[in-house]
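Input: a single structure, listed below in structure tokens.
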Amino acid sequence: FIGFANYIKLFRDRIFFLSLINTTIYTVAIIVLINVFAIIFVIIIDRAVIKGNYFLRVLFFIPAILPTVLIGSAFKRIFAPFGALNMILVGIGLPFLKRTWLGVPSLALMAIIITTVWQSAGWNLVIYFARLREIPKELYESADIDGATPWQIIRFIKLPLLKGAIAILVVINIIGGFKVFDLVYIMTSGGPAHKTEVLTSYLYYQAFNFHNYGYASSVAVIMMIIMLFFSWLRIKGTLKKIGRASCRERV
């Protein structure tokens, strides 16, 4: 029994803090990008007179049901030095933009973030789409009678009614961001120079490469505490809303 020795070592470990920073950057980025793109797309396809509306919904959702291993392997080839992205840049006359996307420390994490957004935005879009479908048609009709513009309908009807779904999905995205492993492992293995090292990959290497099981378990405990904290914030917010609603009913 070594008490808190693993935790003391952990908070002195530069790579641990680097993986924590990378995980935080990754999580914040996917929360913003996934939800922004999902909301934009769902507003476009919701009640809009667009040919192929159903096809667009299916197209947006397909990446969400593909195996992560397949997506990681495909995007690893896309971002390769002679991959599809660099070939497209050369083909459209922009060869100066060619990069070793997964080999440059400042670009590798961005490539993983882009891959995650492409894969995961479909889940959020489905939730938002279902929420918008619950809005009564009478609200839209009343807004039309009052002369509301499409932007005012979005701002004062759709977005306010999406707040609850956004709050839930943000918590889900936070937990998903801190749990990310497969894409990082497949695309970069935490490199280059630990610039894409995340908490789960650091835990994995400590446990299964270096056999530091106790040390890896301390990383898992820190991850659990972080995710429980954000879940608690969400539950606390929900309980407050329920409390306010019950007070209004009593009044």
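See the values below:
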read-out	value
Residue in region 20-29 that is aromatic (F, W, Y), in a loop (DSSP other than H, G, I, E, B) and at pLDDT 95 or above present	no
Some residue of region 97-108 being small (G, A, S), in a loop (DSSP other than H, G, I, E, B) and either open to solvent by 50 Å² or more (accessible area, probe 1.4 Å) or touching a Lys or Arg at 6+ places or on another chain (Cβ under 7 Å) (or both)	no
Residue in region 1-11 that is most open to solvent (accessible area, probe 1.4 Å), counting only those that are of a type outside the set (S, T, N, Q) and assigned to a helix (DSSP H, G or I)	K9
Helices (runs of 4 or more DSSP H) contained entirely in region 111-219, each with at least 1 residues that are in contact with a Leu (Cβ under 8 Å, 6 or more places away or on another chain) and closer than 29 Å to I62 by Cα	159-179, 182-187, 199-204
Every residue from region 179-196 that is closer than 15 Å to I25 by Cα and surrounded by fewer than 19 Cβ atoms within 10 Å (Cβ to Cβ)	K179, F181, H194, K195
Those residues of region 121-153 which are open to solvent by less than 30 Å² (accessible area, probe 1.4 Å) and in contact (Cβ under 8 Å) with a residue 24 or more places away in the chain, in sequence order	A121, G122, N124, L125, Y128, L132, I135, Y140
Some residue of region 25-41 being touching a residue at least 40 places away in the same chain (Cβ under 8 Å), surrounded by 15 or more Cβ atoms within 10 Å (Cβ to Cβ) and more than 22 Å from I172 (Cβ to Cβ)	no
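Conditions (1) open to solvent by less than 40 Å² (accessible area, probe 1.4 Å); (2) modelled with pLDDT of 90 or more; (3) farther than 29 Å from M187 by Cβ; (4) touching a strand residue (DSSP E or B) at 6+ places or on another chain (Cβ under 8 Å), marked per residue:
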| site | (1), (2), (3), (4) |
| --- | --- |
| D13 | yes, yes, no, no |
| N53 | yes, no, yes, no |
| V58 | no, no, no, no |
| I62 | no, yes, no, no |
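The values are calculated or read from the model by the stated rules, or taken from the named source; none is laboratory data. As the structure is a computational prediction, the values presented were derived from the model and not from experiment. Glycine also receives a Cβ, built like all others from the backbone with ideal geometry; neighbour counts cover every protein chain displayed. SASA here: full protein model, heavy atoms, side chains in, ligands and nucleic acids out. Shrake-Rupley method; radii C 1.70, N 1.55, O 1.52, S 1.80 Å.
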